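Novice: First the structure, which I've put down as structure tokens, then a few questions once you've had a look.
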Amino acid sequence: MKRIFYLLAMMTLLSAPQAFAQEGGEGHELEFQRYDSSYFEKNNSGMKDEKSYLVLTDQEQFDKVFGPAARAGKNTFLPPDTFETKIIVATIKRGSMRRYSDVTVTEKGGVLTVSYTATDDKPGSATYRVPLILAVDKGEYDEVVFMENGERAGAVKLR
């Protein structure tokens, strides 16, 4: 009888951190797909600030901002049915060339957090518009927060 009690106690202790993380701990990580290598910001997107933060919920919105950038090698374009199950979250940096790495997407309490490391080249004579484009499962999100290099860079309210 003691063995059964100890076994149940151990199972409870082992599952407690997982339950904590799902219900109010650090949030849970979401899967996403990156599409930034196959798209560019259109010249007539209307956005002029140094940085933009976007949440796009349909193909028409997406097409107003981004155009396909076919290149040699593998291209990764949005599947035609993307917006049936996904939303697009994106940020665009204008100025020097930028690289995005260590990208993660988490959700906690209706807040979708997009975290990434951004590395900029030294400013030169050329101006670039470098996007980070992610497709994430639709959900009951109130806000999308963009965390750049560990600091809050921007947010988009959804409701």
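Computed from the coordinates by the stated procedures, all read-outs in this text should not be read as laboratory data. As the structure is a prediction and not an experimental result, all values here were calculated from the model. With ideal geometry, Cβ positions are generated from the backbone for all residues, glycine too; neighbour counts draw on all protein chains shown.
Novice: Given labels modelled 7 Å from the Cα in the Cβ direction, how far is it in nm from ARG34 to ASN149?
Specialist: Going by the 7 Å Cα→Cβ label model, 1.8 nm.
Novice: Continuing with this model, one more query. Could you give the length gained by full extension between ALA126 and ARG99, i.e. 0.36 nm per residue of separation minus their alpha carbon distance, to one decimal place?
Specialist: Gain on stretching ALA126 to ARG99: 8.2 nm.
Novice: Would you mind checking LYS48/LYS157; LYS64/LYS157; LYS74/LYS157; LYS48/LYS122 for any pair whose Cα atoms are more than 25 angstrom apart?
Specialist: Correct reply: LYS74/LYS157.
Novice: Show me, for the range 115-131, the HN-Hα J-couplings you get by feeding each phi into the Karplus relation (A = 6.51, B = -1.76, C = 1.60, θ = phi - 60°), rounded to Hz, glycine and proline as x.
Specialist: 10, 7, 9, 10, 10, 9, 6, 5, x, x, 7, 8, 10, 10, 10, 10, x
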